[in-house]
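The block underneath contains the structure these notes are about, expressed in structure tokens.
The values are calculated or read from the model by the stated rules, or taken from the named source; none is laboratory data. Bear in mind the structure is a predicted one, so any value in this text is a computation, not a measurement. Neighbour counts are summed over all protein chains in view; Cβ atoms, including those assigned to glycine, are modelled from backbone coordinates with ideal geometry.
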Amino acid sequence: MFTAFDHAMMARAFRLAELGRCIATPNPFVGCVIVKHGRVIGEGFTQRGGRPHAEAVALASCTVSPEGATVYSTLEPCCPHPKSRGPACSDLIKAAKVARVVSALHDPFDGVDGAGHTRLREAGIVVDIGLMESVARQQLRAFLTRVTRRRPWVTLKVAASLDGKTALANGQSRWITGAEARRDVHRMRAEACAVLTGIGTLMADDPQLTVRDVSCDRQPLRILLDSRLDVVDTARILVGGNTLVVTATQNDVRENQLKARGIEVVRVPVEERKGKVDLVKMMEMLGARGLNYIMVETGAKLNGSLLAAGVVDEIVAYIAPSILGDASRGLFALPELMELSKRTRLKVTDTRNIGDDLRFTAAVLED
Ligand code: AOF
Ligand code: ZN
């Protein structure tokens, strides 16, 4: 069903999609290539904030009429749906009278869910689905996680010495990893819809959680998990707004003070047993807000709690060539295990050197 040329064009669409990776949120970053008589006549990717869609951009860019052409899209072209924020790509494609649509992946979003493909077929267009589907699944995994699991994709970023230590017992932690690794973290932040930390890390490190070392014209939302609303006014995370404070406490006075500074405060139910924010509910709330990809940069306690709550998809660990010793602080605070079979298991998906450090990326395996 698919030729080598089809593969080459879809690969081009995946590369184009990358141009929208840091800006398309809350929409998936899609790429689209339009080909006629063996030549590319138009191409596009999902624009800032998710609109216009990739197919709309590609059609508008066509150098000759797209009538009779083939459209390659990394995701099923959308159809009209109640919450739609613009024209439906399947309608635009229909109107352009193209002959064939090749898409990499069915879009599981409720408002589309196959109806885009059906609409195209009903218009007499040849629709071939599933070309390089595994690449599309990997590229759009954050969006797919939000839509199908109703929570964002969550990556924990950690940085530690060879013996897994993040700070000395006295709290000193700057810097364990090198400048290149820290720059790589900024690249990760630029790709994230939001960067999340906890009040403990805020008190210890006062992070800004902005993207600085790499070029980026969209800052991720900053999320502070602060069960008791302990955040101090001088915290750098509060400067410049674009911050969401997630709490379990009702304190209208404090909430209003924060709101007056442009900070949003959201209350999330507490977990009965522990009296703390229910992390599963928090992630569901963040997913409902359209956040696809959350990068977590925090300390051992919250790292451990997120892992234990089963809401971590991936860990990116920067390991520095140094040893801090047993008395130093670790990466994950978890209850003591009595059986090795209960350990959190990971599957390494990538390892590479970043400057003098080692970067280790691993998927968290479900029990
Ligand atoms: C496409 N091409 O480039 C993207 C699509 O809020 P709206 O109206 O922009 O619709 C959002 C949905 O559109 C989103 O949830 C996803 O299903 C789809 N994204 N579709 O045809 C694109 N980004
Ligand atoms: Zn669309």
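Going by what's in this entry, would Gly116 be described as part of a loop (DSSP other than H, G, I, E, B) and at pLDDT 95 or above? It is false that Gly116 is part of a loop (DSSP other than H, G, I, E, B) and at pLDDT 95 or above. Screening the candidates Val57, Val33, Val64 for the property of being more than 12 Å from ligand 2 (Cβ to nearest atom), hydrophobic (A, V, I, L, M, F, W, C) and within 17 Å of Ser90 (Cα to Cα) yields one hit, Val33.
For the range 130-144, filtered to residues that are over 24 Å from Met295 (Cβ atoms) and surrounded by fewer than 16 Cβ atoms within 10 Å (Cβ to Cβ), the residue that is nearest to the chain's Cα centre (by Cα) is Glu133. In the range 55-72 there is no residue matching the filter, namely being farther than 15 Å from Ile34 by Cβ and at pLDDT 95 or above. Consider Ala169 carefully, then state whether it is surrounded by fewer than 19 Cβ atoms within 10 Å (Cβ to Cβ), in a helix (DSSP H, G or I) and at pLDDT below 95. When the stated conditions are applied, Ala169 does not pass them. Restricting the search to the range 93-124, which residues are touching a strand residue (DSSP E or B) at 6+ places or on another chain (Cβ under 9 Å) and either surrounded by 21 or more Cβ atoms within 10 Å (Cβ to Cβ) or of a type in the set (D, E, K, R) (or both)? Within the range 93-124, Ile93, Val98, Arg100, Val101, Val102, Ser103, Ala104, Leu105, Gly116, His117, Leu120, Arg121 meet the criteria. From the list Arg51, Arg39, the lone residue that is within 12 Å of ligand 2 (Cβ to nearest atom), surrounded by fewer than 22 Cβ atoms within 10 Å (Cβ to Cβ) and basic (Lys, Arg) is Arg51.
Conditions (1) free of Cβ contacts under 8 Å to residues at least 12 places away in the same chain; (2) in contact with a helix residue (DSSP H, G or I) (Cβ under 9 Å, 6 or more places away or on another chain), marked per residue:
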{"position": "Cys193", "(1), (2)": "no, yes"}
{"position": "Pro220", "(1), (2)": "no, yes"}
{"position": "Ile223", "(1), (2)": "no, yes"}
{"position": "Leu244", "(1), (2)": "no, yes"}
{"position": "Gln250", "(1), (2)": "no, no"}
{"position": "Glu255", "(1), (2)": "no, no"}
{"position": "Lys259", "(1), (2)": "yes, no"}
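Number of residues in the range 119-132 that are assigned to a helix (DSSP H, G or I) and within 14 Å of ligand 1 (Cβ to nearest atom) equals 2. Residues in the range 181-198 that are aliphatic (A, V, I, L, M), closer than 11 Å to Lys157 by Cβ and not in a loop (DSSP other than H, G, I, E, B): Ala181, Val185, Met188, Val195, Leu196. Might you let me know whether the range 54-68 holds any residue that is within 25 Å of Arg218 (Cβ to Cβ), surrounded by fewer than 24 Cβ atoms within 10 Å (Cβ to Cβ) and of a type in the set (Ser, Thr, Tyr)? Yes, because at least one residue in the range 54-68 is within 25 Å of Arg218 (Cβ to Cβ), surrounded by fewer than 24 Cβ atoms within 10 Å (Cβ to Cβ) and of a type in the set (Ser, Thr, Tyr).
Hey, does the range 280-289 have a residue that's at pLDDT 95 or above and in contact with a Leu (Cβ under 6 Å, 6 or more places away or on another chain)? No - not one qualifying residue is present in the range 280-289. When the range 322-352 is filtered for residues that are more than 15 Å from Ala167 (Cα to Cα) and assigned to a loop (DSSP other than H, G, I, E, B), the ones remaining, listed by number, are Leu334, Pro335, Glu336, Leu337, Met338, Glu339, Arg343, Thr344, Arg345. Apart from one condition, Thr145 fits all of (1) touching a residue at least 24 places away in the same chain (Cβ under 8 Å); (2) within 12 Å of ligand 1 (Cβ to nearest atom); the exception is (2).
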